[in-house]
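The values are calculated or read from the model by the stated rules, or taken from the named source; none is laboratory data. Values in this document were obtained by computation on a predicted structure and should not be read as measured data. For neighbour counting, all protein chains shown are included, and Cβ atoms are generated from backbone atoms with ideal geometry for every residue, glycine included.
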Amino acid sequence: MSSFQPDEKPTRIGRVGGPVLSRRDGLRSALGAAALLALAACGGNDDEPSGDESTGGASSTEPVTAWGGEPQNPLVPTNTNETGGGKILDAIFAGLVFYQADGKPVNDLAESIETTDAQNYTIKIKADQKFSDGSPVTATSFVDAWNYGALVTNAQLNSYFFEPIVGYAEVSAEPPTAQTMSGLKVVDDNTFTVALTQPESDFPLRLGYSSFYPLPASAFTDIKAFGENPVGNGPYKLAETGAWKHNERIDLVVNDAYAGGRKAKNGGLSIVFYASLDTAYSDLTSGNLDTLDALPDSALATFESDLGDRAVNQPSAVFQSFTIPQGLEHFQGDEGKLRRQAISYAIDRASICKAVFQGTRTPAKDFTSPVIAGYSETIPGNEVLSFDAAKAKALWAQAEAISPYSGTFTIGYNSDGGHQTWVDATTASIRQTLGIQAEGAPYATFAQLRSDVTDRTIKGAFRTGWQADYPGLYNFLAPIYATGAGSNDGDYTNPEFDGLLKQAAAETDADASQKLLQQAQELLFKDLPAIPLWYSNATGGFGESVSDVKFGWNSVPIYDAITKQA
Amino acid sequence: MGIYIGRRLLQMIPVFIGATLLIYAMVFLLPGDPIAALFGDKPVSPGVAAQLRAQYHLDQPFLVQYLLFLKGVFTLDLGNTFSGQPVIDVMARAFPVTIRLTVVAIIVEAVLGIVVGLLAGLRRGGWFDSLSLFVSLLVIAVPIFVIGFVARYVFAEKLRWIKASVGPDPTWSQLLIPGIVLGSVSFAYVLRLTRNSVAENLTADHVRTATAKGLKPGRVLTVHVLRNSLIPVVTFLGTDVGGLMAGAVVTEGIFNIPGVGGTLYQAIIRTEGATVVAFVTVLVIIYLVVNLLVDLLYAVLDPRIRYV
Amino acid sequence: MSDTSVRPGQEHFVAPLEETPLRAVDAVDDSAPPSSQWGEAWRQLRRRPLFWVSVVLILLVVVVAAVPSLFTSTNPRFQTLADSLGDPRDGHPFGFTRLGEDVYARTIYGARASVVVGLLSTVLVTVVGGVVGAIAGYYGGIWDALLSRISDIFFAVPLVLGAIVLITSLQSRSTLTVSLVLSLFAWPQTARIMRGSVLQTRSAEFVTAARALGLSRLQVLVRHVVPNALGPVIVIATISLGTFIAAEATLSYLGVGLPSSIVSWGGDISAAQTSLRSAPQVLFWPAAALSVTVLSFIMLGDVVRDALDPKARTR
C-alpha cells in the first residue's frame, strides 16, 4: 500500500538504449534515456497505426480493458495512496493540473497558479466546470476537499500532503483545535488562495496528485457511499451505480462534462482486477486484455519477443534502495562511511539487473529517477554506485582498522512481495566481494517490516523504495533524507543537506532549484544514508486491438489517449 | 441416530467458540502494526493512525476485541475491512465461487482417484498400476503453483481452450481446469488410498465368500470390494473439503478467481482480524458439517459401525 | 481374519468366530516360537526385494543429506551472475539457476533440509495423529467427542496464519519451525483417517475374539487393532512425506518458508517457477530428486503394509 507498493513484484524495468525493444522500431530503441523522455514511450505508436493489425480498422466504442488491482481503500482521493485505487481516481477526477507523459504539468482545471514568493499562491480555476452529476466545480470544491483530507478526525491516509499549508497543525492535532485550515481562503467562485508555512517552490507541481482533487458537495453528506460510487470531474465516470465490482472490475464510461486536455479518445475504460500478474499476462497474450502495466517475473525474459512492438520497457519514477540506519553498530561516523561505501562498491548492480530482472531495471546513478526534470547521471561522487571489488575490499579493510566487524550484515525485506531474489543476489554480491556474512532477513508481512522500521527496532539494513507522488526531484529527497522527515526511517541528519533543501524549496527558478538539489545529492553520496540500487522501469505491453498506447511518467498508461479498433 | 446427530450439532458450539478464540488470538499475535502498514513507506500521521486504530477497535485489549466480535456475530455485523467494505459483503462474494470450485475439485479427485485406484488395485504390479504410481509421483513432487502455471500456460495461452482469468462468476466448464489443478494433490492421496484398500479387501474373507457364492464379478467388485474400501477414502475427502476451500490461495491466484483462499490470504497478510475470523468461522462450520456427514456415511459403508 | 492364532494355510478351516469362538484358539501350534504381528512382519519384509531397493534408495538419500560434501565440492550458494540460467558444462552437469548457482550442488545440498522437513513432519504427524485417532476411534464416547472436536479446531486454522504466528513467536525460520508448522496443520487429517480405520477394525471378529481371550482393551488396541488399521495411515504418511517437502516450496512461494541461507528442494522449486517460461530445466532436478525420494518411501510403505497384512503374506 502507499504509492510505494509493498507488494510490487520485482518486475518492472527496461533496457534503456539496450539492444532490445521493438524490432520494427529499431531506431527508437537506440535512443537514450533523455530521448525516451521526450518521446515518452518506446511502445507508443502515436503517429503511425501499428501496421499488422489495425490499418483501416474502424475505431470501436468498446471500452479499453486495463489491468488493475482491487483498490485498498474507498475511492476518496485523500484516502487512496496505492496504485490500484490511484489509477481509477486519476481517470474519474481532474485536478488543477495533469501530468503529460514526460511528467510536465499542464493546467487542467486551473486557469492560473500564481505566486511571487513560492509561499503564497493565488489559484484561479476555469469557469463553468462541472462534476459528472452536473454540480459545478468551484473554488469551494477544492478548499472543502482539502480541508476534509487534512482534518484528523476524518482519518485520511494522505493527510500529510496538506502539511505545508498554514493551519495544518491545528486540524491535525488530536483533538483538532480547528476544523479548517486558515491558509486556504475562497476569494470568489473561481478563485482561492493558499498560504504555506514556508516557501515550497514545487507546490504547483504537486497539485496534479490525487490528494488535491476537488470533491462535489454531495461527497460530504455521505462519504461512505461516495467512496463506493464516487462522482468526479475527470475524463471518465462510473458506468453506473455499483460499477465498482469488488475484486472483479470497475467499468468507466466517457464523461462528456469533462472539457480539459485529457478528453477520452475511446469508448470507455474497464479496469479488471487481477490477483496474479501471471494471469494478467496470459490474458494479454491471448487477447483478453488491452493494456498491462506490470509484468510477472516469469515473463521478463520473453515478453519482448512475445509482444514485439507491443512491449513497453521504459524508465519510470520508482527508485529502489536499502537503508542502513544511522544507529547501526559499525555504520556510524567515519568507520560507517567507509563501510557504507565498501558495501555500495561491492554490489554488481548491472549484473543483477540483467540476471534477476532481465534488464527491466536500470542501475541507479543518483537518488532520484531518470524521468524527473533535473535528473543527472553525472553527480560528483556517484562512482560509488559502480561495481569495484578491489575498492570495496580496500575501503572495508580501512574500516576494519578502526574497529573490526563481526556478525552478519542483513537486509530486511517483506517476503510477501517477491523481493527474495534480488535480496539474495545483492547479499551474495556483498558476501562474495567483501568476504563477510551477508544475508537477507525475511519478514513475513509488510506490516511486520514497517513496524520494526518505524519503531527503530530493526537490527540491520532494510529495503526501501520510493515511487514519486509527483514528478519532482524534491519529492525524492526531502521526505526521506531531511532531518526528522516523515519517511526518514534511517534517521539521517545533515544540517548542510537540510540547508540546501531549504534553499531549493525557496528558489522559484526551476533550473536553479534543480542545481541545488543535485548539490544536495553530492552530500548523500558521501554519507550514503541509503544505498541506491536501481530504478524500476515501466514495463508491460498492450494488445493488438489498441493503439496510441503511451505509458506516463508514473508507469501507468495514459488511458484517455488510447484508441481501440473494432 | 437422531440423538447422535443432535449431540454432534450441540458439540459445534464449543468448537465454534474454541476456534474463533484461537483464530482471534493468532491474529492478535500477528507481528506488526497493520495501521502503520496502511501508510506504506509514506509518513504516518499519528493523529490519523490513532483514529483508525480506534475505528477498528485495535486500541482495545484482546478480550474486549473478541467479545465485540461475538456481539457482531449475533447482530450479523462482522465489521468492515480496511477498504471500508462490510465483511459480510466480502464473504457473500467470495464463498459462492469457492464452493463451486471446491465441488469441482472434490468430484474430480473422487471420481478419478477412485476409478484409477480401483483399476490399479485390481492389477497390482501391472503396467496400469505403475503408470498410476508415476502420475501420482508427478503431482506429489511438483508443487501446485507449478502445476497451475503449466496448466494455464498450456490451456489458456497455447491451446486457448480456457480463459486465463476465470473471474468471479464462472461457468462450470470454466472451473474444470482450475478444479483439476486444485484437486491434483488430493487425487494422488485418493488414488493410493483406494488402490491399497482395494488390494487389501480383495483377499478379505467376505469377498472370497461372495465369489464362492457365485456372484457376478461386477457385483463383487462394487458391493463387496469397493464399498468396504471406501472408508479411508471418504474420511480423506471429508478432511480435504476445508483444506481445499481455505488452501486454494495458489489456484485462485493463478486463475484469478476472487474466492475464499485469496481473500483470506490477503486479510492475513494485512492483519485484518475481522475478515480472517469471519471467514474461518464459516470454514469451521462447513468443516464440522462435512465431518458429521462422513461419520454418518461410515455406518452406510460398513454396517458393523453403529452410532448410538 | 488374522491373528496370532491363525497361520497360513489354516484359515480355511476356521468357522466364523461367533459360532465357535474357541476353534481359532484350538489351531495354535504350541511348539512354534512366540510370534507377534510385528515380528512376523519383519520376517516377511526381509524376503521382499522391493524392500531392499527402497531401503538402499532411502539410505542413499540419507547419506547425501548427512554428508553432501562427499558428492560435490561446489558451494551451492556461490553465485556467478554471468552464468544465469546457463547450460550444463564441465563441472556443472545440471547447469545454473537464475542467480548463477550450480544446480547440481544445490540439488545435493538441498537434500538435508528437505529430508529433515519431510521426515520430521511425517513422524510428528503420524505419531500425534495416529495416537489421537486411535484413541478417539477405539474408546469412542467422550474421548471421541473431545479429541475429534479439538482436531476440528486445528483444521480451521489457515496455514499461512499459523505459519506467520509460529515463525514470529519462535523468532526463527528453520527446518524445525517449518516442520512444526506443517505438522500442526496435517495431524488432524491423519487423526481422522486413523479414527475411521480403527472404527472399522474394532468391530472385526478377531478383535471380539481377543477381548474374549481376556486381553485388556489397551492390549487389544495396541496388538490387534492398530496393526490392522494402519494401512491407510501408512499410505497417507508415505505420500505426505513428499507433499511436505513440496509444501515447503509452497510456503516459500507464499513468503513463509525457509530462509535462503538454507538450501532446499522446495525453495529451489519455488525459485525456478519464475524461469518456467524461459528455462524449465532449472525446475527439473530438484523436482526429480524429490520424486525419487518420495518413490522410495512409497515403495517402502507398500511392502511394510503388505507385511503387516497377514493375508497378503503368502504371495
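In the range B:271-293, what residues are in contact with a Phe, Trp or Tyr (Cβ under 9 Å, 6 or more places away or on another chain) and at the interface with chain C (Cβ under 9 Å from one of its Cβ atoms)? Residues satisfying the conditions are B:Val276, B:Phe279, B:Thr281, B:Leu283, B:Val284, B:Tyr287, B:Leu288, B:Asn291. Scanning the range A:118-174 for residues that are in a loop (DSSP other than H, G, I, E, B), surrounded by fewer than 22 Cβ atoms within 10 Å (Cβ to Cβ) and within 9 Å of another protein chain (Cβ to nearest Cβ) returns A:Ala155, A:Glu163, A:Ala173, A:Glu174.
Starting from residues that are crowded, with 19+ Cβ neighbours inside 10 Å and among the aliphatic types (A, V, I, L, M), keep the ones in the range A:255-279 and report whichever is nearest to B:Val154 (Cα to Cα).
Step one: filter the range A:255-279 for residues crowded, with 19+ Cβ neighbours inside 10 Å, giving A:255, A:258, A:260, A:262, A:264, A:266, A:268-279.
Remaining after also requiring among the aliphatic types (A, V, I, L, M): A:264, A:269, A:271-272, A:275, A:277.
Values: A:Ala264: 37, A:Leu269: 29, A:Ile271: 26, A:Val272: 23, A:Ala275: 20, A:Leu277: 17 Å.
Checking each candidate, the answer is A:Leu277.
Selection of the range A:304-349 for residues being touching a residue at least 12 places away in the same chain (Cβ under 8 Å) and among the polar types (S, T, N, Q) yields A:Asn313, A:Gln314, A:Ser316, A:Gln320, A:Ser321, A:Thr323, A:Gln326, A:Gln341, A:Ser344.
For the structure I just gave you, tell me whether C:Ser69 is modelled with pLDDT of 85 or more, assigned to a loop (DSSP other than H, G, I, E, B) and more than 27 Å from C:Gly301 (Cβ to Cβ). So C:Ser69 fails the test.
For A:Leu27, the requirement of being under 29 Å from A:Glu377 (Cβ atoms), under 24 Å from the mean Cα position of the chain (by Cα), of a type in the set (A, V, I, L, M) and modelled with pLDDT under 50 is not met.
Of all residues in the range B:152-177, those being more than 11 Å from every other protein chain (Cβ to nearest Cβ) and outside any loop (DSSP other than H, G, I, E, B) number 2.
Taking the conditions exactly as written (farther than 30 Å from C:Gly267 by Cβ and either polar (S, T, N, Q) or within 14 Å of chain A (Cβ to nearest Cβ) (or both)), does B:Ser184 satisfy them or not?
Working: farther than 30 Å from C:Gly267 by Cβ: no; either polar (S, T, N, Q) or within 14 Å of chain A (Cβ to nearest Cβ) (or both): yes.
Against the criterion (farther than 30 Å from C:Gly267 by Cβ and either polar (S, T, N, Q) or within 14 Å of chain A (Cβ to nearest Cβ) (or both)), B:Ser184 does not qualify.
Checked across the range A:320-335, the condition of being in a helix (DSSP H, G or I) and either in contact with a Ser or Thr (Cβ under 7 Å, 6 or more places away or on another chain) or surrounded by 24 or more Cβ atoms within 10 Å (Cβ to Cβ) (or both) holds for at least one residue. Take the range B:17-65 and flag every residue that is more than 7 Å from chain A (Cβ to nearest Cβ) and at positive phi. Within the range B:17-65, just B:His57 meets the criteria. Considering (1) in contact with a helix residue (DSSP H, G or I) (Cβ under 8 Å, 6 or more places away or on another chain); (2) crowded, with 16+ Cβ neighbours inside 10 Å; (3) in a loop (DSSP other than H, G, I, E, B), the lone condition that A:Gly208 does not fulfil carries the number (1).
So which pairs qualify, if the first residue must be in the range B:84-96 and in contact (Cβ under 8 Å) with a residue 40 or more places away in the chain, the second must be of a type in the set (Gly, Ala, Ser) and in a helix (DSSP H, G or I), the Cβ gap must be under 6 Å, and the two must be at least 6 apart or on different chains? Close Cβ pairs satisfying both conditions: B:Val87/B:Ala274; B:Val87/B:Ala278.
For A:Val272, state whether it is under 30 Å from A:Gln129 (Cα atoms), of a type in the set (Val, Ile, Thr) and within 9 Å of chain B (Cβ to nearest Cβ).
yes
Selection within the range B:111-149: residues that are facing another protein chain (nearest Cβ under 10 Å) and surrounded by fewer than 16 Cβ atoms within 10 Å (Cβ to Cβ). The member of this set that is farthest from B:Gly253 (Cα to Cα) is B:Gly125. Residues in the range C:151-174 that are more than 7 Å from chain B (Cβ to nearest Cβ) and touching a residue at least 40 places away in the same chain (Cβ under 8 Å): C:Ser151, C:Ala163, C:Ile167, C:Arg173, C:Ser174. Each residue in the range A:346-366 was checked for being surrounded by 24 or more Cβ atoms within 10 Å (Cβ to Cβ) and either hydrophobic (A, V, I, L, M, F, W, C) or more than 20 Å from the chain's Cα centre (by Cα) (or both), and 9 of them qualify.
Is it the case, given these coordinates, that C:Arg277 is facing another protein chain (nearest Cβ under 7 Å), more than 30 Å from A:Asp306 (Cβ to Cβ) and at pLDDT below 80? Break it down stepwise before answering.
Working: facing another protein chain (nearest Cβ under 7 Å): yes; more than 30 Å from A:Asp306 (Cβ to Cβ): no; at pLDDT below 80: yes.
The answer is no for C:Arg277.
Output the number of residues of the range A:108-150 satisfying the condition of being under 14 Å from A:Ala257 (Cα atoms), hydroxyl-bearing (Ser, Thr, Tyr) and out of contact with any strand residue (DSSP E or B) (no Cβ under 7 Å at 6 or more places or on another chain). Qualifying residue count for the region: 1.
Going through the range B:198-257 one residue at a time, which ones are among the charged types (D, E, K, R) and more than 14 Å from chain C (Cβ to nearest Cβ)?
Start the filter on the range B:198-257 by keeping residues that are among the charged types (D, E, K, R), which leaves B:200, B:205, B:208, B:213, B:216, B:219, B:227, B:240, B:252.
Answer for the range B:198-257, where residues must be among the charged types (D, E, K, R) and more than 14 Å from chain C (Cβ to nearest Cβ): B:Lys213, B:Lys216, B:Arg219.
Within the range B:182-211, the set of residues being modelled with pLDDT of 85 or more and either more than 18 Å from the chain's Cα centre (by Cα) or not small (Gly, Ala, Ser) (or both) comprises B:Leu182, B:Phe187, B:Tyr189, B:Val190, B:Leu191, B:Arg192, B:Leu193, B:Thr194, B:Arg195, B:Asn196, B:Ser197, B:Val198. Counting only residues that are without any contact (Cβ under 8 Å) to a residue 24 or more places away in the chain, out of contact with any Ser or Thr (no Cβ under 8 Å at 6 or more places or on another chain) and part of a helix (DSSP H, G or I), the range B:28-62 holds 8 of them. Of all residues in the range A:422-446, those being outside any loop (DSSP other than H, G, I, E, B), over 25 Å from the mean Cα position of the chain (by Cα) and over 14 Å from C:Gly255 (Cβ atoms) number 11. Just so you know, in the range C:223-252 the residues that are surrounded by fewer than 23 Cβ atoms within 10 Å (Cβ to Cβ) and at pLDDT below 85 include one that is farthest from C:Leu124 (Cα to Cα), and it is C:Arg223. Taken over the range A:466-499, the criterion of being within 11 Å of chain B (Cβ to nearest Cβ) and more than 20 Å from the chain's Cα centre (by Cα) is satisfied by A:Gly484 alone. Within the range C:249-267, the residues that satisfy the criterion of being part of a helix (DSSP H, G or I), touching a residue at least 40 places away in the same chain (Cβ under 8 Å) and either of a type in the set (A, V, I, L, M) or within 14 Å of chain A (Cβ to nearest Cβ) (or both) are C:Leu251, C:Gly266, C:Gly267. A:Ile372 fulfils the conditions (1) within 29 Å of the chain's Cα centre (by Cα); (2) aliphatic (A, V, I, L, M); (3) at pLDDT 95 or above except for a single criterion, (3).
Kindly check whether there is at least one residue in the range A:372-387 that is under 25 Å from C:Ser260 (Cα atoms) and either among the hydrophobic types (A, V, I, L, M, F, W, C) or free of Cβ contacts under 8 Å to residues at least 60 places away in the same chain (or both). Yes.
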